[in-house]
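A.B. asks: My structure is below; once you've seen it, I'll send some questions.
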Amino acid sequence: MDHAVFTAVVADPAGLEDAMDAAGFTAYSLASRPGGGHDLTLYAAAAGLPEAVHRALRDLGIAVQGGALASTADLLRGHLPEDPIELAPGWWIDPCGRLGADHPGRILRVPPGTAFGDGHHPSTRMAARRLLELAARDGAAWAERRVLDLGCGSGVLGLVAALLGSGPVDLTDIDPEAVAAADALLTAHEVRGHRAVVADLLTGLPGQRYEVLIANLYADLVVEILADPRLTDLVPSGHLVLSGIASAKRAMIENALDRAGFTCLSSDEEAWWCCLVAERTRTAV
Ligand SMILES: C[S@@+](CC[C@H](N)C(=O)[O-])C[C@H]1O[C@@H](n2cnc3c(N)ncnc32)[C@H](O)[C@@H]1O
C-alpha cells in the first residue's frame with residue numbers, strides 16, 4: 001500500500017492538534033528539532049492530503065513539502081525489532097538471522113517490516129499456539145487439512161500450519177503488499193503448493209473448501225465472516241482459529257459463532273486480546 005508523505009518545519013505547534021482534530025486527521029507526527037522548532041510529518045493516502053488538512057495548515061501558516069510515495073515497508077524500515085522472539089513453544093521468529101544453527105528451536109525467518117505478523121503481537125502468538133495444539137490433536141489427519149490463512153499479513157500463521165505438515169495452504173489479504181510478503185515467506189521456507197491471493201474477506205475464493213480457517217482480524221470483520229452465507233461451503237467441517245479479538249468483544253464473537261454453526265472449543269486471552277478455537281458442529285441457522 002502506498003502512502004504520500006508530507007513534511008514541514010513548524011516553529012510553534014500551538015493550535016496544530018486542534019486544527020487537525022477539526023479536520024478529522026490523525027496520521028501525523030511531531031518531533032522536536034535539536035536547534036528549536038518541530039518537524040511535522042503527515043501520512044496521507046496516495047491521492048494526497050485531504051483539502052480540509054491543506055486549508056487548516058494554510059490557516060496556521062504552515063507550508064508542507066513532499067508528497068513522495070512510500071510503501072508501508074519503507075515507512076517502517078529502521079523502526080523495527082530485529083531480535084528473535086518466541087512465537088510459540090519451541091518456535092522462533094528470527095528476523096535477522098541472529099540464532100545460530102545449533103539453536104534447538106524451529107526457526108522462522110520472517111523479514112522485518114514486510115507486513116503485520118512479526119510475532120510481537122499477542123494475537124499472532126496466541127493463534128500460533130492454538131495451531132500447534134490443533135495439529136497435535138489431529139495427529140496424522142493434520143496432513144489432510146486444507147488451510148486458509150485469511151488476513152495473512154506476513155503469512156506467518158499459514159507458514160506454521162504448513163510446517164506442521166498440513167495439506168495445502170492458501171493465504172489471502174486485502175493488502176497486495178502483505179500477499180506478496182506471504183507468498184515470498186512460504187516460498188523461502190520451501191512450502192509447496194501454497195497460493196497467496198488478494199481478497200476481501202470471503203470474496204475471491206469461489207469453490208474452495210478448507211478444514212482450517214485462520215483469521216487474526218478485528219472482531220467486526222470476524223462477525224462479517226461468520227454471518228457470510230459463503231462460510232457454509234467454504235468450511236463445511238473443521239475448525240476456525242480466530243484471533244485479534246478485543247476481549248470486550250468476545251461475547252459478540254461467541255454469539256456469532258453459535259449462529260454460524262460453530263462450537264467454541266477453547267480460548268486464550270493476553271493483554272486484552274482474545275483467541276478462540278471453534279469447531280463446526282452444525283449448519284448455520
Ligand atoms: C492483525 S493482522 C494479522 C496478520 C497475521 N495473520 C498475523 O496473525 O500476525 C490483520 C491482517 O488482515 C488484513 N485485512 C484487513 N482487512 C481485511 C479484509 N477485509 N480482507 C482481508 N484481509 C484484511 C490486514 O491487511 C492485515 O494484514
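The values are calculated or read from the model by the stated rules, or taken from the named source; none is laboratory data. Predicted, not measured: the structure shown is a model, and the values here were computed from it. Methodologically, a virtual Cβ is constructed for each residue, glycine included, from the backbone with ideal geometry; neighbour enumeration extends over all protein chains shown. Ligands, DNA and RNA are stripped out before the accessible areas are found, and what is left, the full protein with its side chains, is counted by its heavy atoms. Shrake-Rupley method; radii C 1.70, N 1.55, O 1.52, S 1.80 Å.
A.B. asks: Using a cut-off of under 20 Å, list every residue of the stretch 114-130 whose amide N is near the label point 7 Å from the Cα of GLU82 along the Cα-to-beta-carbon line.
C.D. replies: 114-121
A.B. asks: Report the extension gain between ALA140 and ASP102 in nm, rounded to one decimal, defined as 0.36 nm multiplied by the number of residues separating them, less their alpha carbon distance.
C.D. replies: 10.8 nm
A.B. asks: Let me know the Kirkwood hydrodynamic radius for the stretch 215-258, please, with Cα pairs as the basis and the value in Å to one decimal. Mind showing how you got there, number by number?
C.D. replies: On the way: mean 1/r = 0.0934 Å⁻¹.
For the stretch 215-258, the Kirkwood estimate is 10.7 Å.
A.B. asks: What whole-number value in Å² describes the accessible area per residue of the stretch 1-89 for a 1.4 Å probe? Display every interim value, and only then the final one.
C.D. replies: On the way: 5250 Å² over 89 residues.
Per-residue value: 59 Å².
A.B. asks: Long-range amide H contacts for ILE107: which residues qualify at under 5 Å (H placed 1.01 Å from N, peptide plane, sequence gap of 5 or more or a different chain)?
C.D. replies: Here TRP92 satisfy the definition.
A.B. asks: Share of the stretch 2-74's accessible area from carbon and sulfur, percent, 1.4 Å?
C.D. replies: Values: 2090 of 4130 Å².
Taking all protein chains in place, the stretch 2-74 shows 51 percent carbon and sulfur surface.
A.B. asks: Tell me which of GLY48, HIS3, VAL179 sits at the most positive position along the dipole axis of the chain, charges placed on C-beta atoms (Lys, Arg +1; Asp, Glu -1).
C.D. replies: VAL179
A.B. asks: Once ligands and nucleic acids are excluded and a 1.4 Å probe is used, how much of ILE174 is accessible, expressed in Å² to the nearest 10?
C.D. replies: 100 Å²
A.B. asks: Enter the Cα centre distance for the pair the stretch 22-40 and the stretch 140-191, rounded to the nearest angstrom.
C.D. replies: Going from one Cα centre to the other spans 39 Å.
A.B. asks: Only helices at least 20 Å long along their axis, Cα-based, and averaging -1.0 or more on Kyte-Doolittle count here, so list those DSSP H runs from the chain.
C.D. replies: 122-138
A.B. asks: First measure r as the distance between the Cβ atoms of ALA31 and ASP2, then evaluate 1/(1 + (r/R0)^6) with R0 = 25 Å and state the FRET efficiency to the nearest 0.05. Show your work: numbers first, answer last.
C.D. replies: Details: r = 23 Å, r/R0 = 0.92.
It comes out at approximately 0.65.
A.B. asks: Pull up all non-local amide H partners of GLY67: gap of 5 or more, or a different chain, and H-to-H distance under 5 Å with H placed in the peptide plane.
C.D. replies: The list, which skips near neighbours in sequence, is VAL5, PHE6, THR7.
A.B. asks: Treating only the Cβ of Lys, Arg, Asp and Glu as charged (+1, +1, -1, -1), what charge dipole size does the chain show about its Cα centre? Round to the nearest 20 debye.
C.D. replies: Working: 22 positive and 37 negative charges, 133 e Å.
My answer is approximately 640 debye.
A.B. asks: Using only the C-alpha atoms of the stretch 2-74, find the volume of their convex hull and express it per residue in Å³. Intermediate values should be presented prior to the final figure.
C.D. replies: Numbers: hull volume 6.3 nm³, N = 73.
Roughly 86 Å³ of hull volume per residue.
A.B. asks: Report, please, the projected area of the chain averaged over directions, based on the convex hull of its C-alpha atoms, in nm². Intermediate values should be presented prior to the final figure.
C.D. replies: Numbers: hull surface 70.2 nm².
Projected area, direction-averaged: 17.6 nm².
A.B. asks: How many percent of the accessible area of the stretch 136-285 is carbon or sulfur, using a 1.4 Å probe?
C.D. replies: Details: 3550 of 6480 Å².
Accessible surface attributable to carbon and sulfur in the stretch 136-285 totals 55 percent.
A.B. asks: Distances longer than 26 Å among the Cα atoms of the stretch 121-280: what percent of all pairs is that? Mind dumping the intermediate values first?
C.D. replies: Working: 2126 of 12720 pairs.
The proportion of pairs with Cα distances above 26 Å equals 17 percent.
A.B. asks: What is the magnitude of the charge dipole of the stretch 121-280 about its Cα centre, with +1 placed on the Cβ of each Lys and Arg, -1 on the Cβ of each Asp and Glu, and no other charges, expressed in debye to the nearest 20? Walk me through the numbers on the way to the answer.
C.D. replies: Values: 14 positive and 22 negative charges, 66 e Å.
Using only the charged Cβ atoms, the result is roughly 320 debye.
A.B. asks: Roughly how many Å² is the accessible area per residue of the stretch 113-153, as a whole number, for a 1.4 Å probe?
C.D. replies: Working: 1500 Å² over 41 residues.
Result: 37 Å² per residue.
A.B. asks: As I understand it, the dipole of the chain uses +1 on the Cβ of Lys and Arg and -1 on the Cβ of Asp and Glu, about the Cα centre. Which of VAL285, ILE107, GLY36 lies farthest toward its positive end?
C.D. replies: VAL285
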